[in-house]
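Engineer: Structure below; questions to follow.
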Amino acid sequence: MLSPTPFSLICAFLLCLPLTIIFTITSPTTTIPTQIPQSLKLTKTYQKINLISPPKSLPLDDDSLFHLATRVKSRPPCSDRPKIAFLFLTTTPLPFSPLWECFFNQTPKTHFSIYVHADPRFPYDPPFSGVFAHRVIPSQPAQRFTSTLISATRRLLAHALLDDPKNAMFALLSPSCIPIRSFNFTYQTLARSKKSFIEILDNEIGAYDRWAARGEDAMLPQVKLEEFRIGSQFWILKRKHARVVVGDHQLWSKFKLPCQRWDTCYPEENYFPTFLNMREPGGCVPATLTHVDWRGRFDGHPRTYQASDLGPHLITTLRNDRPKYGDEKESGNGSDWSLTERRDPFLFARKFPQDAIGPLMSMANDVIFKD
């Protein structure tokens, strides 16, 4: 073996010098959060999310944002085609984004808007892309058994109200939701409705425990027990209802209180049906158009379908089921007689596991989007 000469050593040094400079300049600086609230179980905050680019500067604090959103018009312009705003509340990358992509690609972008609230405590890898790229609003932690889920939802509504005056209806969805109809069928169903769709249930088992979860009489005087309602977290609101929700202070002052009992604390399933039932019950169809299966479930979570359950028969079964309209069986006073005649179609369904995306995509065109 030949010994290196001084000349060869100098050449090697000069060849490596640019690489040394490159690595020195491009080495990333890691920023580590110094203070995380003790109430949050996760300890790392991830900031690499493609945020939505608003047409104008919007306030970051909720109070200012909500106040600004209450100043928008309660109805979309009559001269423009109304749009549906799809609001995704998530802590994960959307596992069914390919299916949703197919759903949205059936129609021009002038017919819909998309907004995503992505809890910044979680990583989003792969990042949001396609129709979801740059549709994430400035988000904050949203945790079950707390009022933060209500705040996140109101935040979505406020941004959707301010972003586009043509947004006429607002559909709240979870990452485990899928569409079970074509976009055209979904759009026509919602566009011709003059009412919001939100499940509003009275006389439910456990209603008192939920009402008293913040402490006995803590909800008084704003919300009496007989005014307290329960319903699905996932609803579709008309623009006028979205606006009054973000402008609420009275009921929010009670629902934002921390619960003393976690096992009966589901604020997101109580606030919206209670508020709209007190504010304008006649303007709502008391049913959700997102199908869930609660049979045999007692842990606060509906059934999660397995990949082996998926097939044309399941989609047909979900479509043919009839929504539950409030407490129609207990009504009997004649005021809700029309509910017994209604049969609104389910438009979405949950919960589906992430590994269901393959079977769902295989029957998307021939089953799910075929009306």
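Engineer: I need the phi-derived Karplus couplings for the range 78-91: 6.51 cos²θ - 1.76 cosθ + 1.60, θ = phi - 60°, integer Hz, Gly and Pro marked x.
Structural biologist: 5, 7, 10, 5, x, 10, 9, 9, 9, 10, 9, 9, 9, 10
Engineer: Another question, then. Using a Förster distance of 22 Å, how high is the FRET efficiency between R303 and D355, based on the Cβ-Cβ distance and rounded to 0.05?
Structural biologist: That pair, R303 with D355, gives E of 0.85.
Engineer: If you don't mind, there's one more thing I want to ask. Using a 1.4 angstrom probe on heavy atoms only, work out the carbon and sulfur share of the accessible area of the range 105-240 in %. The partial results should precede the final answer.
Structural biologist: Values: 2600 of 4900 Å².
Carbon plus sulfur share of accessible area: 53 percent.
Engineer: In terms of modelled amide H atoms, which long-range or inter-chain residues lie less than 5 Å from the amide H of S74?
Structural biologist: Residues meeting the criterion, in which the H sits 1.01 Å from N, do not exist here.
Engineer: What is the diffusion coefficient of the range 215-371 in µm²/s, taking the Kirkwood radius over Cα pairs and the Stokes-Einstein relation at 25 °C with a viscosity of 0.890 mPa s?
Structural biologist: After rounding, the answer is 135 µm²/s.
Engineer: So how many Lys-Lys pairs in the range 138-266 land under 18 Å Cα to Cα, not counting same-chain pairs under 8 apart?
Structural biologist: Qualifying lysine pairs in the range 138-266: 10.
Engineer: Along each of the three principal axes of the Cα atoms of the range 75-153, give the extent in whole Å, ordering the values from largest to smallest.
Structural biologist: 41, 30, 18
Engineer: Here's a follow-up. Enumerate the amide H contacts of I114 below 5 Å, restricted to partners 5 or more residues apart or on another chain; note that Pro and chain-start residues carry no placed amide H.
Structural biologist: F86
Engineer: Could you let me know the centre-to-centre spacing of the range 272-325 and the range 72-92, using Cα atoms, in angstrom?
Structural biologist: 22 Å
Engineer: Work out from phi, with θ = phi - 60° and the Karplus expression 6.51 cos²θ - 1.76 cosθ + 1.60, the ³J(HN,Hα) of each residue of the range 167-180, listed in order in whole Hz, and give x for Gly and Pro.
Structural biologist: Whole-Hz 3J(HN,Hα) from phi for the range 167-180: 5, 9, 9, 10, 9, 8, 9, 10, x, 8, 8, 10, x, 10.
Engineer: While we're here: Given 0.36 nm per residue, what is the gain on full extension from C78 to S129 after removing their alpha carbon distance, in nm?
Structural biologist: Working it through step by step, the gained length comes to 15.1 nm.
Engineer: In the range 179-237, with Lys and Arg counted as +1 and Asp and Glu as -1 at Cβ, which of these residues, P179, L225, Y208, has the Cα nearest the positive end of the dipole, that is, farthest along it?
Structural biologist: Selected residue: P179.
Engineer: Would you mind checking which residues have amide H under 5 Å from A349's amide H? H placed 1.01 Å from N; only 5 or more apart, or other chain.
Structural biologist: Placed amide hydrogens put I178, I180, H291 under 5 Å from A349.
Engineer: Also, quick follow-up: Taking the Cα centre of the range 56-205 as origin, sum charge times position over the Cβ atoms of Lys and Arg (+1) and Asp and Glu (-1), and report the length of that vector in debye to the nearest 20.
Structural biologist: Using Cβ point charges on Lys, Arg, Asp and Glu, the range 56-205 gives about 620 debye.
Engineer: So if the hydrodynamic radius of the range 115-249 is defined as the Kirkwood radius over C-alpha pairs, what does Stokes-Einstein give as its diffusion coefficient at 10 °C and 1.306 mPa s, in µm² per second? Could you put the intermediate results ahead of the total?
Structural biologist: Working: Rh = 17.2 Å.
The calculation lands on 92 µm²/s.
Engineer: Could the peptides 113-124, 278-289, 95-106 be put in order, highest first, of the mean number of other beta-carbon atoms found within 10 Å of their residues?
Structural biologist: 113-124, 278-289, 95-106
Engineer: Still on this structure, please answer the following. Using θ = phi - 60° and the Karplus curve 6.51 cos²θ - 1.76 cosθ + 1.60, what whole-Hz ³J(HN,Hα) does each residue of the range 138-148 get, with Gly and Pro shown as x?
Structural biologist: x, 10, 10, x, 10, 10, 4, 6, 9, 6, 5
The values are calculated or read from the model by the stated rules, or taken from the named source; none is laboratory data. Small disclaimer: the values here were computed from a predicted structure and weren't measured. Here the Cβ is made from the backbone with ideal geometry for all residues, glycine too, and neighbour counts use every protein chain on show. Calculation scope for accessible area: heavy atoms of the full protein, side chains included, ligands and nucleic acids excluded. Shrake-Rupley method; radii C 1.70, N 1.55, O 1.52, S 1.80 Å.
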